[in-house]
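Student: Would you mind keeping the following structure in view while I ask a few things?
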Amino acid sequence: MNRKRMLAVSLAFLALSIFIDSTHGVAVMSIDFGSEWMKVAIVSPGVPMEIALNKESKRKTPVTIAFRNGERTFGEDAQVVAVRFPKNSYSYILDLLGKSIDHPLVKLYQTRFPYYEILADEERETIIFKHDEETFYTPEELLAQILYKGKEFAETSAGQKINEAVITVPGFFNQAERKALLQAADIAGLKVLQLINDYTAVALNYGIFRRKEINETTQYIMFFDMGASSTTATVVGYQNVKTKEKGYVETNPQVSILGVGYDRTLGGLEMQIRLQNYLAKEFDAMKKTPNSVFDSPRAMAKLFKEAGRVKNVLSANADHYAQIEGLLDEKDFRVQVTREKLEELCADLFERVARPIKTALETSALTMDIISQIVLVGAGTRVPKVQEKLTEFVKLELSKNINTDEAAAMGAVYKAADLSQGFKVKKFITKDAVLFPIQIVFDRTVDGATKRVRRMLFNRMNAYPQKKIITFNKHTDDFEFSVNYAELEYLPADEMAAVGNTSLSIISLSGIADALSKHANEGTESKGIKAHFAMDDSGVLNLANVELVFEKTVVAAEEEEGTFSKLGSTISKLFAGSDDKEPAEKVEEPSKEDIKPVHEDPDQLGVQKEADAKPQNQNETQTTENKPSNKTEKIEKEKKPSLVTLKEPIPSTEVRLGPKTLEGPKLAESTKKIEALNHHDLERTRRERALNSLEAFVIDAQQKLQLPEYSEATTPEESEKILAACSTISDWLYEDGYDADADTYEQKLAELKGLTNDLYARVFEHKERPEALKGMVSMIHGSTTFLEKVANVTSSSEIFTQVELETLQKTINETQEWHDKIVKELADIPLYEPVKYTVRDIANKMAILDREVKYLVNKAKIWRPKPKEEEPAKNKTTDNSDEATAEVPDGSETAEVPVTADEAPVKTKEEEEEDKDDGVVEEEQNSNVESKGETDDGSIEIGSEKHSQNETGETLQLPEPDPVKTKDKPNQEEPHQEL
């Protein structure tokens, strides 16, 4: 039973962990990149999902970077610099990505932090920080350095290099903001597997640990996330859906984003700023100094830090004292702040709490009575007044059953493991949605007049990733069209302004007339110019390609159709449209049916259509069979026309509007700048480690030479030489060597180790030798006892030969003689003499004896006695032996089966089956394969899933990349995971 229990525990541990061959294992990471905090999570071989700790062993790191005296610091160290030199420390940079100098959020940032010098980058239509007269930093460069530091945290925790990551991003980020963040990650050397919306990551994390609660009935849950800079309310639906994987239909859980509402400026930062201003006014009112605290950036930075601390304390206490020593002109500041005062300062902010919820409900077309839970996310939801306002509006008890700080990071790292090539996870489908509708605008000439035409490419809350095709049928010459945001009237005025430039790009097409004339004399018919757009899983829109499509009629012999050909033809007819004429311009996508909160997967729709087509095929076949055969039909094959599609590529040029990413020389310059800073930090770290190692070794050597065990193992000359070298290096370190480089420190450490290696080796040998000799004596005694017992066993001659016994005796005698010899010799050798017999020599001698004993022991284990020959039956009936007999019933002759003590007892069938399963690990069959959804021209194409899923449990499973094999017990039930 113990063996079975151990096996079950082992299998359960395998099911709850991630395993991968170390020669092929590649860890992946996620970064929950917020305005104020950064959380890093990893998945590595043997480590399921875990938060990577920073150098202070904390689970989250401030998104702050500082430069001072040629040194670069991050996180809490950078916040220390911010208090004394606020201009040299940069924080809350995420809110500045992809924005121009006149953007309202940039203006708000300058108001909150007036000590930064922000300039306009006219060429890129973005901003840039002026650090000093020679140094400038773009927001992408600053974020790239912080991302690189997060990468270091992950690599330290995983113990290996990590290049792939999933990064969270606010769901309301537009195209320019998303591209800027992707470029920052690229500069940091990270391959971004996906930008995942923060609320999608939270919803995924919530679902993977509750997948057993998900069924075919949609469950609606709202996540309310109030962070440092913004607030988001998201309505999601959980439901089991059927997906088709290469002909196999599977049922997997799915989370769909149904409605989103947000407020970009409602968060903990705004509360902290208001409390900071209140404290500043209180200090000026005390008249302790004629100078105003508002005119001192350093004093305001101190008040900002203290305001953040007091705000957090007031979430759990009714009042607290704000106090700062030497705030301004060496004057101290201390004042009591109550929770009521904070709520009074932020009264208008609390009135805005319900606005994102209203927008999310309107978008999802749901009401609060359908929502089963309101789950709180983000540190801002800990404010009592926020919870009070939420409760008043939703009329539900607020759920706090998720880790508000780490939920997004853990959900994102699950997605990272899913998208990576090295891990296999249980499939959990995510359906994200477009927040800002995108349209195509172009001009068309009708009866000599120019008409502006608008076609919606991606509607609000369209699922992505997906592909769409827009067809232009009326253009015979070069033209251009624009890609813009559209229908943003549902947003408040301030949110519409925050979206920024609504014009995304202008696309110019050329060579159309030449392409038309090229196929004009071939009997072709133009089907229009098709522009293929794709919105990837990061929410970034790209123009894939543009082509001119023709159809040509050709005549070919009709081949005899088989059953599968007829079935395929029938299904094609079901999907084909009945109209011969196409509209002038259209956006091709799947036909819209009843709109439901949870959208069906396109693959499942294909399965349903295929199933619906079968009865019709059967009816058609039956009708054909019932028709009387016409003997006058022609035997020869008739020829019929068929259509062939021709595609001609159309050159296209895209001009992106609004804020632009770094390109060309500027990108190369930024990359070189970041690499130089990273190299400087690496050299600084290496130098510090070398200096610390040298100082520690000098002090350690001086102290050891004062101990008896070291002083007895060295000569006076050797000891004096070592002490002199230590003294010389110590003096050099505190005089001229304090500014030396890492190579010099490492060289001097190597020289000092060369002087002490022999001494340290002798001390080690003298210290460890008694234990080694004691072990040898124990082994000799045990081997002798084993040999005596073997020799006394009556049947031993049948197991071992005389030569084997004599060989073991000879080895024991040789080992004993060698032991006595070295003990005698070592007793007369001084401790400072070179060691003649080392611990390794003793271990090698013991290994020889151990090998001989193990040989005999293993031979005894596998030995079985020879079966005795059966005696005549008549002798057995009269023999008075103790052997048992087994009689055969029904009058058959009696068959006597001798049973000896050396033979194993006969097992029942149940026992044999139990032993068959006990300890066997079966290889898991990988039946999950990729599939391509059935797509029509212009339909939404959802990228193929790269992950596969098991049926039980809530955690990551063993990765199975080729050629790594996954071994596990099938259908192993796993315990439920609780956060």
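The values are calculated or read from the model by the stated rules, or taken from the named source; none is laboratory data. These numbers were taken from a predicted model, which means no experiment stands behind them. Don't worry about glycine lacking a Cβ; one is built from the backbone with ideal geometry, like all the others, and counts go over all protein chains shown.
Student: Among A180, A201, which is in contact with a Lys or Arg (Cβ under 8 Å, 6 or more places away or on another chain), assigned to a helix (DSSP H, G or I) and buried (at least 24 other Cβ atoms within 10 Å of the Cβ)? Give the derivation first.
Tutor: Numbers: A180 fails: in contact with a Lys or Arg (Cβ under 8 Å, 6 or more places away or on another chain).
Step by step, each of A180, A201 is checked, and only A201 is in contact with a Lys or Arg (Cβ under 8 Å, 6 or more places away or on another chain), assigned to a helix (DSSP H, G or I) and buried (at least 24 other Cβ atoms within 10 Å of the Cβ).
Student: A follow-up question, please. State which residue pairs qualify: first residue surrounded by 10 or more Cβ atoms within 10 Å (Cβ to Cβ) and inside the range 853-873, second residue at pLDDT 70 or above in any location, beta carbons under 6 Å apart, and separation of 6 or more residues or different chains.
Tutor: Short answer, once both residue conditions are applied: V853/S783; A860/I799; W863/I799.
Student: Considering A412, A360, which residue is over 25 Å from Y490 (Cβ atoms) and buried (at least 21 other Cβ atoms within 10 Å of the Cβ)?
Tutor: Details: A360 fails: over 25 Å from Y490 (Cβ atoms).
None of the other options fit; the residue is A412.
Student: Take the residues of the range 257-316 that are of a type in the set (F, W, Y) and more than 20 Å from A82 (Cα to Cα): which is surrounded by the most Cβ atoms within 10 Å (Cβ to Cβ)? Please lay out each step first, then the result.
Tutor: Within the range 257-316, the subset of a type in the set (F, W, Y) is 262, 278, 283, 294, 304.
Now restrict to residues that are more than 20 Å from A82 (Cα to Cα): 262, 278, 283.
Values: Y262: 23, Y278: 19, F283: 25.
In this case the residue turns out to be F283.
Student: From the list E406, E397, pick out the single residue that is touching a residue at least 60 places away in the same chain (Cβ under 8 Å) and acidic (D, E).
Tutor: Numbers: E397 fails: touching a residue at least 60 places away in the same chain (Cβ under 8 Å).
After applying the criteria, what remains is E406.
Student: Determine whether the range 806-825 contains at least one residue that is out of contact with any helix residue (DSSP H, G or I) (no Cβ under 7 Å at 6 or more places or on another chain), more than 26 Å from R769 (Cα to Cα) and modelled with pLDDT under 90.
Tutor: Within the range 806-825, one or more residues are out of contact with any helix residue (DSSP H, G or I) (no Cβ under 7 Å at 6 or more places or on another chain), more than 26 Å from R769 (Cα to Cα) and modelled with pLDDT under 90.
Student: Select from the range 163-189 the residues that are in contact with a helix residue (DSSP H, G or I) (Cβ under 6 Å, 6 or more places away or on another chain) and under 21 Å from E669 (Cα atoms) and list them in ascending order.
Tutor: A180, Q183, A184, A185, I187, A188
Student: Moving on to the next point. Checking E282 against (1) touching a helix residue (DSSP H, G or I) at 6+ places or on another chain (Cβ under 7 Å); (2) part of a helix (DSSP H, G or I): exactly one of these is not met. Which one?
Tutor: (1)
Student: Any residue at all in the range 764-776 that's farther than 30 Å from H819 by Cβ and surrounded by 13 or more Cβ atoms within 10 Å (Cβ to Cβ)? Please lay out each step first, then the result.
Tutor: Taking the range 764-776 first, the residues farther than 30 Å from H819 by Cβ are none.
No, the range 764-776 has no match at all.
Student: Among the residues of the range 427-440, which ones are surrounded by 23 or more Cβ atoms within 10 Å (Cβ to Cβ) and either without any contact (Cβ under 8 Å) to a residue 60 or more places away in the chain or under 14 Å from the mean Cα position of the chain (by Cα) (or both)?
Tutor: none
Student: Check whether at least one residue in the range 230-241 is over 20 Å from S372 (Cα atoms) and touching a helix residue (DSSP H, G or I) at 6+ places or on another chain (Cβ under 6 Å), and report yes or no.
Tutor: Within the range 230-241 (the criterion being over 20 Å from S372 (Cα atoms) and touching a helix residue (DSSP H, G or I) at 6+ places or on another chain (Cβ under 6 Å)), the answer is yes, since at least one residue qualifies.
Student: Among the candidates K821, K836, K810, K845, which residue alone is in a loop (DSSP other than H, G, I, E, B), of a type in the set (D, E, K, R), surrounded by 10 or more Cβ atoms within 10 Å (Cβ to Cβ) and in the same structural domain as T714 (by TED's automatic domain parsing)?
Tutor: Numbers: K821 fails: in a loop (DSSP other than H, G, I, E, B); K810 fails: in a loop (DSSP other than H, G, I, E, B); K845 fails: in a loop (DSSP other than H, G, I, E, B).
One residue alone meets the criteria, K836.
Student: Given the conditions (1) buried (at least 24 other Cβ atoms within 10 Å of the Cβ); (2) at pLDDT 90 or above; (3) within 16 Å of the chain's Cα centre (by Cα), and given that G34 satisfies all but one, which numbered condition is not satisfied?
Tutor: (3)
Student: Here are some residues: V80, V169. Which one is touching a strand residue (DSSP E or B) at 6+ places or on another chain (Cβ under 9 Å) and more than 30 Å from D295 (Cβ to Cβ)? Give the steps one after another, and end with the answer.
Tutor: Values: V80 fails: more than 30 Å from D295 (Cβ to Cβ).
Matching residue, one of V80, V169: V169.
Student: Filter the range 458-502 for residues that are in contact with a Phe, Trp or Tyr (Cβ under 8 Å, 6 or more places away or on another chain) and of a type in the set (S, T, Y); which is surrounded by the most Cβ atoms within 10 Å (Cβ to Cβ)?
Tutor: Ranking the candidates gives Y464 first.
Student: For a quick check of your reading of the model, give me the residue pairs whose first member lies in the range 443-457 and is within 24 Å of F533 (Cβ to Cβ) and of a type outside the set (D, E), whose second is modelled with pLDDT of 90 or more and outside any strand (DSSP E or B), with beta-carbon atoms closer than 7 Å and at least 6 apart or on different chains.
Tutor: Close Cβ pairs (under 7 Å, with a partner that is modelled with pLDDT of 90 or more and outside any strand (DSSP E or B)) amount to M456/P437; M456/A486.
Student: Further, regarding this structure: Determine whether the range 189-199 contains at least one residue that is more than 29 Å from I674 (Cβ to Cβ) and of a type in the set (S, T, N, Q). Let's see the steps before the verdict.
Tutor: First, pick out the residues of the range 189-199 that are more than 29 Å from I674 (Cβ to Cβ): 199.
Adding the requirement that they be of a type in the set (S, T, N, Q) leaves none.
No, the range 189-199 contains no residue that is more than 29 Å from I674 (Cβ to Cβ) and of a type in the set (S, T, N, Q).
Student: Can I ask one more? Being assigned to a loop (DSSP other than H, G, I, E, B) and either over 59 Å from the mean Cα position of the chain (by Cα) or basic (K, R) (or both) is the filter; apply it to the range 824-833 and report the residue that is surrounded by the most Cβ atoms within 10 Å (Cβ to Cβ).
Tutor: First, pick out the residues of the range 824-833 that are assigned to a loop (DSSP other than H, G, I, E, B): 828-833.
Checking the rest, the ones that are also either over 59 Å from the mean Cα position of the chain (by Cα) or basic (K, R) (or both) come to 828-830.
On the way: D828: 6, I829: 12, P830: 8.
Selected residue: I829.
Student: Might you let me know whether the range 442-464 holds any residue that is more than 33 Å from the chain's Cα centre (by Cα) and of a type in the set (G, A, S)? I'd like the intermediate steps shown before the answer.
Tutor: The initial filter retains those residues of the range 442-464 that are more than 33 Å from the chain's Cα centre (by Cα), namely 442-456.
With of a type in the set (G, A, S) added as a condition, the list becomes 448-449.
So far as the range 442-464 goes, yes, one or more of its residues are more than 33 Å from the chain's Cα centre (by Cα) and of a type in the set (G, A, S).
Student: Return the residues of the range 150-170 that are among the small types (G, A, S) and either assigned to a helix (DSSP H, G or I) or buried (at least 22 other Cβ atoms within 10 Å of the Cβ) (or both); say none if nothing qualifies.
Tutor: Looking only at the range 150-170, we keep the residues that are among the small types (G, A, S), and these are 150, 154, 157-159, 165.
Hits for the range 150-170 are G150, A154, S157, A158, A165.
Student: Next question. Can you pull out the residues in the range 45-92 that are outside any helix (DSSP H, G or I) and under 19 Å from M300 (Cβ atoms)?
Tutor: First, pick out the residues of the range 45-92 that are outside any helix (DSSP H, G or I): 45-74, 85, 89-92.
Passing the criteria: P62, T64, A66, R68, F85, S89, Y90, S91, Y92.
Student: Residue under question is I128, and the condition is that it be in contact with a Phe, Trp or Tyr (Cβ under 7 Å, 6 or more places away or on another chain) and closer than 20 Å to N501 by Cα; does it hold? Let's see the steps before the verdict.
Tutor: On the way: in contact with a Phe, Trp or Tyr (Cβ under 7 Å, 6 or more places away or on another chain): yes; closer than 20 Å to N501 by Cα: yes.
In short, yes.
Student: Sticking with this one: Condition (residue is of a type in the set (G, A, S) and either touching a Phe, Trp or Tyr at 6+ places or on another chain (Cβ under 7 Å) or not in a helix (DSSP H, G or I) (or both)) applied to the range 332-355: is it met by at least one residue? Steps first, please.
Tutor: Step one: filter the range 332-355 for residues of a type in the set (G, A, S), giving 347, 354.
Those left that are additionally either touching a Phe, Trp or Tyr at 6+ places or on another chain (Cβ under 7 Å) or not in a helix (DSSP H, G or I) (or both): 354.
Yes, the range 332-355 contains at least one residue that is of a type in the set (G, A, S) and either touching a Phe, Trp or Tyr at 6+ places or on another chain (Cβ under 7 Å) or not in a helix (DSSP H, G or I) (or both).
Student: Turning to a different aspect of this structure: Answer yes if at least one residue in the range 306-324 is outside any helix (DSSP H, G or I), closer than 30 Å to A493 by Cα and in contact with a helix residue (DSSP H, G or I) (Cβ under 7 Å, 6 or more places away or on another chain), and no otherwise.
Tutor: Here is the first cut: in the range 306-324, the residues outside any helix (DSSP H, G or I) are 315-324.
Going one step further and asking which of them are closer than 30 Å to A493 by Cα, we end up with none.
For the range 306-324, residues outside any helix (DSSP H, G or I), closer than 30 Å to A493 by Cα and in contact with a helix residue (DSSP H, G or I) (Cβ under 7 Å, 6 or more places away or on another chain): absent.
Student: Name the strands (runs of 3 or more DSSP E) wholly within the range 405-516 that hold at least 1 residues that are touching a Ser or Thr at 6+ places or on another chain (Cβ under 8 Å) and β-branched (V, I, T)?
Tutor: The qualifying strands (runs of 3 or more DSSP E) are 429-433, 438-446, 479-485, 503-509.
Student: Checking A724 against (1) in contact with a helix residue (DSSP H, G or I) (Cβ under 8 Å, 6 or more places away or on another chain); (2) hydrophobic (A, V, I, L, M, F, W, C); (3) free of Cβ contacts under 8 Å to residues at least 60 places away in the same chain; (4) more than 30 Å from E71 (Cβ to Cβ), which single condition isn't satisfied?
Tutor: Result: A724 fails condition (1) only.
Student: Inspect all residues belonging to the range 519-527 and state whether any of them is without any contact (Cβ under 8 Å) to a residue 60 or more places away in the chain, among the small types (G, A, S) and within 25 Å of L457 (Cβ to Cβ).
Tutor: Yes, there is a match, as at least one residue in the range 519-527 is without any contact (Cβ under 8 Å) to a residue 60 or more places away in the chain, among the small types (G, A, S) and within 25 Å of L457 (Cβ to Cβ).
Student: Then there's this: Being buried (at least 24 other Cβ atoms within 10 Å of the Cβ), of a type in the set (A, V, I, L, M) and not in a strand (DSSP E or B): is that true of M222 here?
Tutor: Details: buried (at least 24 other Cβ atoms within 10 Å of the Cβ): yes; of a type in the set (A, V, I, L, M): yes; not in a strand (DSSP E or B): no.
Against the criterion (buried (at least 24 other Cβ atoms within 10 Å of the Cβ), of a type in the set (A, V, I, L, M) and not in a strand (DSSP E or B)), M222 does not qualify.
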